[in-house]
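The values are calculated or read from the model by the stated rules, or taken from the named source; none is laboratory data. Bear in mind the structure is a predicted one, so any value in this text is a computation, not a measurement. Positions of Cβ are backbone-derived with ideal geometry, glycine not excepted, and every protein chain shown enters the neighbour counts. Areas reflect the complete protein model, heavy atoms only, side chains present, ligands, DNA and RNA absent. Shrake-Rupley method; radii C 1.70, N 1.55, O 1.52, S 1.80 Å.
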Amino acid sequence: LTEFIEDARCCDAENPEDVKACMAVLRKFHESGVKVEHTFDVFERLEFYEKLWKGIPSCYRDYKKTKAQVYELKSYIDEQEKQISLCHIDSVPDNFLMTKDRIALIDWEYAGMQDPHVDIAMFCIYSLYQKEQVDHLIDLYFEGNCDDRTRIKIYCYIAVCGLLWSNWCEYKRNLGVEFGEYSLRQYRYAKDYYKIVQQELGEEGKEICTK
């Protein structure tokens, strides 16, 4: 149990001022220096949710191809500089409670040590952002100072996390729980942002895929 926050509302992902304020809170949290003994490994979780299908095949005919493409991005992610910190992981608009005086970040079920840029990706895919909105969010978090390599790394995380939550949705579907557009869009993030990364990297992207 925790305190009840009076007169609170969730962040509106379509409200620029809300999003800007929440990104400032998220950045401050990432810079807090708080550490825990466990991590949230996005690739391990992707596999974990797939195993929960218990042999039931994916509802997506090109799932194996999509998964292979997402794994092609791992080498790029691994090569990039990271400042590992405590991450919320479920840093979505619904978990930022806003009042006149403060913003509270709630629901810490998935929190663990990770690259903080994963949290940016999570906000984007839950909000069902288009690429223009993704880039705007990145600019807000970095206050306009995001280098190209980091931006592409976040695109990679969007693809990986999209497939992760798509696998979670497929597990829930097998239990009779449907998530409609959210489920479909998560899978599309995996496919679309793989292509975006390849386009951004050009010839380098082709080399990564052959590693």
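Local charge for residue 11 was computed over the other residues whose Cβ lies under 9 Å away, with Lys and Arg +1 and Asp and Glu -1, and equals -2. With each label modelled as a point 7 angstrom along the Cα→C-beta vector, the residue 172-residue 84 pair spans 2.9 nm. The stretch 54-211 gives an Rg/Rh value of 0.97, both radii derived from C-alpha positions and Rh following Kirkwood. When the Kirkwood hydrodynamic radius is evaluated over all pairs of different C-alpha atoms of the stretch 63-104, what value in angstrom, to one decimal, is obtained? Evaluated on the stretch 63-104, it is 13.9 Å. Using a 7 Å offset from Cα along Cα-Cβ at residue 15, what residues in the stretch 66-104 end up with backbone N under 18 Å from the label point? Correct set: 92-104.
Considering only DSSP beta bridges where both residues belong to the chain, give the percentage that are antiparallel (nearest 5). Beta bridges within the chain, antiparallel portion: roughly 90 percent. Structure remark: mean-square fluctuation, Gaussian network model of the chain, C-alpha springs under 10 Å; the largest value among 82, 195, 54 belongs to 54. The portion of the accessible surface of the stretch 1-107 made up by carbon and sulfur, rounded to a whole percent, is 52 (1.4 Å probe; DNA, RNA and ligands excluded). Among the GluC sites (Glu not before Pro) found in the stretch 5-42, those both in a DSSP coil and sparsely packed, with 16 or fewer other Cβ atoms within 10 Å of their Cβ, are 6, 14, 31, 37.
The GluC sites (Glu not before Pro) found in the stretch 38-110 that occupy coil by DSSP, while having at most 11 further C-beta atoms within 10 Å, are 81, 109. For the residues 194, 155, 129, a GNM of the chain with alpha-carbon springs under 10 Å puts the largest fluctuation on 129. Starting from the Cα of residue 62, move 7 Å in the Cα-to-Cβ direction to define the label point; list residues of the stretch 92-134 whose amide nitrogen is under 14 Å from there. Under 14 Å, as judged by backbone N against the label point of residue 62, lies no residue of the stretch 92-134.
Farthest toward the positive end of the dipole of the stretch 1-148, out of 84, 60, 36, is the Cα of 60, where the dipole comes from beta carbon charges about the Cα centre. Charges were assigned to the Cβ only: +1 to each Lys and Arg, -1 to each Asp and Glu. The resulting dipole of the stretch 1-69 about its Cα centre is roughly 640 debye. The dipole here belongs to the stretch 101-204: it is taken about the Cα centre, uses +1 on the Cβ of Lys and Arg and -1 on the Cβ of Asp and Glu, and is about 420 debye.
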